[in-house]
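The structure appears below as structure tokens.
Here, each number is a calculation from the coordinates, and none is a lab measurement. Just so you know, these numbers come straight off a predicted model, no measurement behind them. Don't worry about glycine lacking a Cβ; one is built from the backbone with ideal geometry, like all the others, and counts go over all protein chains shown.
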Amino acid sequence: MYPSNTPQSQPDRPKKITVFDIRAAKAEGRPITMSTAYDALFGALMDEAGIEVVLVGDSVGMTTLGMDSTVPVTMDEMLHHVRAVRRGCRHALVVGDLPFMSFNVSIEEAIRNAGRLVKEAGADCVKLEGGAHFAPTVAAIVKAGIPVQGHIGLLPQTAAAGGGFKVQGKTLEAVGELIADARALEAAGAFSIILEAVPAEVGAKVAQAVSIPVIGVGAGPHVDGQCVVMHDLLGLYDAFTPKFAKVYAKLRPLIVGALSEFRDEILDQSFPGPEHSYKMPKDAAERLKDL
């Protein structure tokens, strides 16, 4: 018997998404929904909205920590943010991103850091960037009992070495390499793959080449799921939005407007009003006048 406060005794509680559910989605022909979160509040909001996969990406460096790229993000920073999202997100599959140089040096170090994201921060699985070259690393992490999501195409962590943030897979040779990368990751045991910034036709070819789900980040409509960074889809930036990101709500001007109104009401002393202030009991207020 389970205690009465456990999920097993609460059949109306939403089912926890697992890597097996994500793998099954492709066979069922059901598109996979994925976005990002970096704190408990937005983890809970992703759950409430029914997003299946929540990535705590090293994009936290640029979206939240004010960095110019994802490269400086540390393991400690990733652990901090994965923990926060895990506290708010109880339904979706939580993916912890392995930051730059946390898996590149050795397989042993990659296993250790993947284990930290799962054991210390509560991630359900981990993601790492790279194709066939990192297949042995993926296989070792999977063998250690940790599910892995691959990431091919545009690789933000090493984009500078590849000429910057550019569309990938624009030649037949490059498409062949992407397909080889996807197949190598599948063979290594990855349960799914992120495919970033490739032409739509290429996204379709890569998705057809493997039996595991291929989730697109700017990979066209013919893949097995879609991921857009939360800050992009909510319209929190005014300087740049990637071509592949649809803005579903323009929250930035609403937030700035609310903050500006707050500032103005403080300056003209219209806030706080009586409805925002506490009152003493009438008799105590009368005696207070004599103090």
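What does DSSP give for the chain in terms of the percent of beta bridges that are antiparallel, rounded to the nearest 5?
Once the DSSP bridges in the chain are tallied, antiparallel ones form about 5 percent.
Which entry is the computed semi-axes √(5λ) of the Cα gyration tensor in Å for this structure: (i) 25, 22, 20; (ii) 42, 24, 19; (iii) 29, 23, 18?
Here semi-axes √(5λ) of the Cα gyration tensor in Å agrees with entry (ii).
Taking Cα centroids, how far is region 108-166 from region 239-267 in Å?
Using only Cα atoms to place each centre, the spacing works out to 34 Å.
Considering the options Phe271, His133, Leu155, tell which one lies farthest towards the positive end of the dipole of the chain, charges being +1 on Lys and Arg and -1 on Asp and Glu at the Cβ, about the Cα centre.
Most positive-ward Cα: His133.
Can you tell me which of Thr64, Thr74, Thr36 moves the most in a GNM of the chain? Springs connect C-alpha atoms under 10 Å apart.
Maximum among the listed residues: Thr64.
Given labels modelled 7 Å from the Cα in the Cβ direction, how far is it in nm from Lys143 to Ser106?
1.6 nm
Which order do the peptides 265-271, 17-23 take when ranked by the mean count of other beta-carbon atoms within 10 Å per residue, highest first? Let's see the in-between values first.
Details: 265-271: 10.1, 17-23: 17.4.
Top of the packing list down: 17-23, 265-271.
Output the relative contact order of region 35-143, whole-number percent, from Cα pairs under 8 angstrom with separation of 6+ residues.
Relative CO of region 35-143 lands at 27 percent.
For Lys243, list the lysines whose Cα falls under 24 Å from its own Cα; do not include residues on the same chain fewer than 8 positions away.
Qualifying lysines at Cα under 24 Å: Lys127, Lys166, Lys170, Lys205.
About the Cα centre, and with charges only on the beta carbon of Lys, Arg (+1) and Asp, Glu (-1), how big is the dipole of the chain? Nearest 20 debye, please.
620 debye
Defining a contact as two alpha carbons under 8 Å apart and six or more residues distant in sequence, what relative contact order in percent does the chain show? Numbers along the way, then the final one.
Numbers: 520 pairs, mean separation 40.2, N = 291.
RCO, the chain: 14 percent.
What FRET efficiency comes out for Ile255 versus Arg90 if R0 is 25 angstrom and r is the Cβ-Cβ distance? Round to the nearest 0.05.
Here the calculated transfer efficiency is 0.40.
Using 1/(1 + (r/R0)^6) with R0 = 45 angstrom and r between the beta carbons of Glu120 and Ser277, what's the FRET efficiency to the nearest 0.05?
Rounded to the nearest 0.05, the efficiency is 0.50.
So if I place +1 on the C-beta of Lys and Arg and -1 on the C-beta of Asp and Glu, and nothing else carries charge, what would the dipole magnitude of region 119-262 be about its Cα centre? I want it in debye, nearest 20.
Around 80 debye, computed over region 119-262.
What order do you get for Tyr237, Tyr278 when you list them from fewest to most C-beta neighbours inside 10 Å?
Tyr278, Tyr237
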